[in-house]
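Single-structure report; data block below.
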Amino acid sequence: MSADPSQFDEPIIALRRQIDELSAGEADPAQIEELQRKLTKVTKEIYSNLTPWQKTLVARHPQRPYTLDFIGFLFEDWTEVHGDRKFADDAAIVAGFARFRGTPCAVIGHQKGRNTKEKIIRNFGQPKPEGFRKALRIMQLAEKFKLPIFTFVDTQGAYPGVGAEERGQAEAIAVNLREMAALKVPIIVSVVGEGGSGGALGIAVGDRILMLEHAIYSVISPEGCAAILWKNATAAADAAAAMKITARDIKRLGIVDEIVPEPPGGAHSDPPKSAELLAPYLERALHDLQKLKLPMLVEERYKKFRRMGAFEKA
Amino acid sequence: MAWFQKEKKPKEPTEKQVAIPEGLWVKCEECKAAVYRKEVEQNFNVCPKCGYHFRLNARERLDLLYDDQAYKELASNIRSGDPLDFRDTKRYRDRLKVYEQRVGKGDAVICAEGKIDGIHVVICAMEYNFMGGSMGSVVGEKITLAVERCIDRKEPLIIVSCSGGARMQEGILSLMQMAKISAALARLSEAGLPFISVLTDPTTGGVTASYAMLGDLHIAEPKALIGFAGPRVIEQTIRQTLPEGFQRAEFLMEHGMIDLITARADMKPTIGRFLRFFLNK
């Protein structure tokens, strides 16, 4: 492995390049096969030993599948709708209706951009109040028509800007938390990339919470935590480790129900495969939740969040 | 010319230096005047010169609001267990010990039952001196228990927020307290019980983005800093200095986020009046 921990992917990239070069020339197929085997082994080794900070980088990888990618792979008849009917349409959150394995449903998720132009349009996946309010509007429509809700979480956090504050960023998130706790339809949450603080939680209160293997979920970004507690943003790797933000830790702390495996080189190495791996989890969650009758569904959701936290009694 | 011909006046004796006993005077953080501590205390910890509201600790807040300063503390036996074994430049559990010794064992909130104007209520008063009033599992559990108690006993709830937000040292567990408390508040609301959120300086981050903004009524103290993102974070994002008064209570009222701004001296009568409105008394 390279000395710089953020360059952990280098051996994989080097091997791939080597294979490509050999494949282009007249190389011995046995040699290529040998390299392929080596690549598989190295990839597996690297990706099963990622540090929390490396996982943060994987979770932010620009080729990682985003909400619209998952929707494209997993849902049929996707039709996006726009706006909060109050102020604007926030492109950092997409919302709409679709079918999942034939079942009509609402789908909501943070959306990041891949190139500069898209990133700006999507505001780097950082929602403003109108994004959370749009999400809630669609969730309430889903409740009205008794449709299950799927949400995809992938944001650094809610946008910290002047306009966002003026229009009540905190209020928008708070109302979503309260309303989602009581919605009378199943809510299935998938944390697919960055679960960044209140901006993530604002669409992440649900009955089943799934988390991709290399996704992170955190109360504040590692950089933010490092800046405050270590007084030094370069201590982000230490903060990432200390805050226990990896899927395994988050599951151990009782926050997510299941960890969804990713392809050997991470979701970004094979987005269709990543969606394929997520599909059975969504199917099972939907199947199980549709059997739950009201008011049990809402009661169970309450109990789920009621249990969260760790303290001692003196 | 007179001004340089003027003879120097003999030095007048300066005012006799009086030894001021430590803490007899306090400096107002707003108008910078030195004010007599007793006078400030008698004035609800508000500067008699400029009206600046000094921060109250949780017990002072409860004393201020409860009839005869009488209340019974709830769930006082809950302590943080350092679930992440968190360490930054110091261990979290060591920090906790220091705060418990310095501030008390109630973590960052004291919940208590008692009466306001003869009406039984539960008040949760946040304690800023305990790690910046940050919300971890203990704050989440204590407030949730308070909400559930209100539902059981059909009593109104008042939360006085004073907090920098979620507690980083408990990571994701702190974040989830926002959802936990908000879920409980959904039930309180469904039960038709009043919840008054009092926002004091400062109320930011995860506390604002959950219970502080879910009141039937939002009452702020004058000039309290209230927001989601801290002003420094916003300045770094937009790379501009923020205008005077941004994220202050008056700014939030102008933008429709709070119902009223009430000076501390009027806080108790105002809450009492609304409780009687809401309870149809």
Exercise. Return the value, in Å² to the nearest 100, of accessible area buried between chains B and A (probe 1.4 Å, both sides summed).
Key: 4500 Å²
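Taking the Cβ of A:Glu34 as the center, what net charge do the other residues with Cβ under 12 Å away carry, scoring Lys and Arg +1 and Asp and Glu -1?
That sum, taken over residues with Cβ under 12 Å, equals +1.
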Practice problem: Please give the average number of partner chain Cβ atoms lying within 10 Å of the Cβ of each residue in B:212-218, rounded to a whole number. | Solution: 3
Practice problem: Read phi for every residue in the range B:231-238 and hand back ³J(HN,Hα) as whole Hz from Karplus 6.51 cos²θ - 1.76 cosθ + 1.60, θ = phi - 60°, with x for Gly and Pro. | Solution: x, 5, 5, 5, 4, 5, 6, 8
Quiz item: Given the rule -39500 (n - 2.57) for each run of at least 4 DSSP H residues, summed and divided by the residues of chain A, what is its mean residue ellipticity at 222 nm, to the nearest 500 deg cm²/dmol?
Solution: -13500 deg cm²/dmol
Practice problem: Just read off the accessible area of A:Trp53 with the full protein assembly in place, 1.4 Å probe, to the nearest 10 Å². | Solution: 50 Å²
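Tell me, what % of the accessible area of chain A is carbon and sulfur with a 1.4 angstrom probe?
Carbon and sulfur together cover 53 percent of it.
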Exercise. Provide Rg and Dmax in Å for chain A, with only Cα atoms included in the calculation.
Key: 20.5, 73
Practice problem: Taking all protein chains together and a probe of 1.4 Å, list A:Ile121, B:Ile261, A:Ile108 from the most accessible to the least accessible. | Solution: A:Ile121, B:Ile261, A:Ile108
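Hey, what number do you get for chain B at 222 nm if only DSSP H runs of n ≥ 4 count, each worth -39500 (n - 2.57), divided across all residues, to the nearest 500? Numbers along the way, then the final one.
Values: 10 runs with 99 residues, N = 281.
-10500 deg cm²/dmol, from helical runs alone.
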Exercise. In square nanometres and to one decimal, what's the mean projected area of the convex hull around the Cα atoms of the range B:196-281?
Key: 5.8 nm²
Quiz item: Looking only at other chains, what is the average number of their beta-carbon atoms within 10 angstrom of each beta-carbon in A:176-189?
Solution: 4
Exercise. For B:Tyr52, enumerate residues with amide H under 5 Å from its amide H, sequence gap 5+ or separate chain, H modeled in the peptide plane.
Key: B:Cys47
Self-check item: Relative intensity, log₁₀ I(q)/I(0), of the protein assembly as shown from a Debye sum that treats every alpha carbon as a point, q = 0.06, 0.08 Å⁻¹
Solution: -0.35, -0.59
Quiz item: Out of residues 5 or more away from A:Val260 or on other chains, whose amide H comes under 5 Å of its own, with H placed 1.01 Å from N in the peptide plane?
Solution: A:Met211, A:Leu212, A:Glu213
Quiz item: B:Glu41 versus A:Asp28, label points 7 Å from Cα toward the beta carbon: distance in nm?
Solution: 9.0 nm
Self-check item: Packing-based ranking, highest mean first, of B:200-206, B:30-36, A:204-210 given that Cβ atoms within 10 Å are counted
Solution: B:200-206, A:204-210, B:30-36
Exercise. Write down the accessible area per residue of the protein assembly as shown in Å², having rolled a 1.4 Å probe over the full set of protein chains.
Key: 45 Å²
Quiz item: What is the helix-to-structure angle for A:129-144, meaning the angle in degrees between its Cα long axis and the longest Cα principal axis of chain A, kept from 0 to 90 and rounded to the nearest 10?
Solution: 70 degrees
Quiz item: What is the set of long-range amide H partners of B:Arg167 at a cut-off below 5 Å, with H atoms built 1.01 Å from backbone N?
Solution: B:Met135, B:Gly136
Exercise. Select from the range A:1-108 those GluC sites (Glu not before Pro) which occupy a DSSP coil region and have at most 15 other Cβ atoms within 10 Å, ordered by residue number.
Key: A:Glu26
Self-check item: Gain upon complete extension [A:Gln140, A:Ile120; 0.36 nm per residue less C-alpha separation]
Solution: 4.3 nm
Quiz prompt | Cα gyration tensor, the range A:98-190 - rounded (a/c under 1.5), prolate or oblate | solution = oblate
Quiz item: Residues of A:196-205, mean number of Cβ from any other protein chain within 10 Å of their own Cβ, rounded to a whole number?
Solution: 5
Practice problem: State the volume of the convex hull built on the alpha-carbon positions of chain B, expressed per residue in Å³ and rounded to an integer. | Solution: 211 Å³
Quiz item: Using a 1.4 angstrom probe with every protein chain in place, what is the largest-first accessible-area order of B:Leu242, A:Leu286, A:Leu292?
Solution: A:Leu292, B:Leu242, A:Leu286
Quiz item: For the range A:198-311, what is the Kirkwood hydrodynamic radius in Å, using each pair of distinct C-alpha atoms?
Solution: 16.0 Å
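The values are calculated or read from the model by the stated rules, or taken from the named source; none is laboratory data. All of these numbers come straight from a predicted model, not from anything done at the bench. FYI the Cβ positions are ideal-geometry reconstructions off the backbone, even for glycines, and counts take in every protein chain you see. Keep in mind that these areas ignore ligands, DNA and RNA; they rest on the heavy atoms of the full protein, side chains included. Shrake-Rupley method; radii C 1.70, N 1.55, O 1.52, S 1.80 Å.
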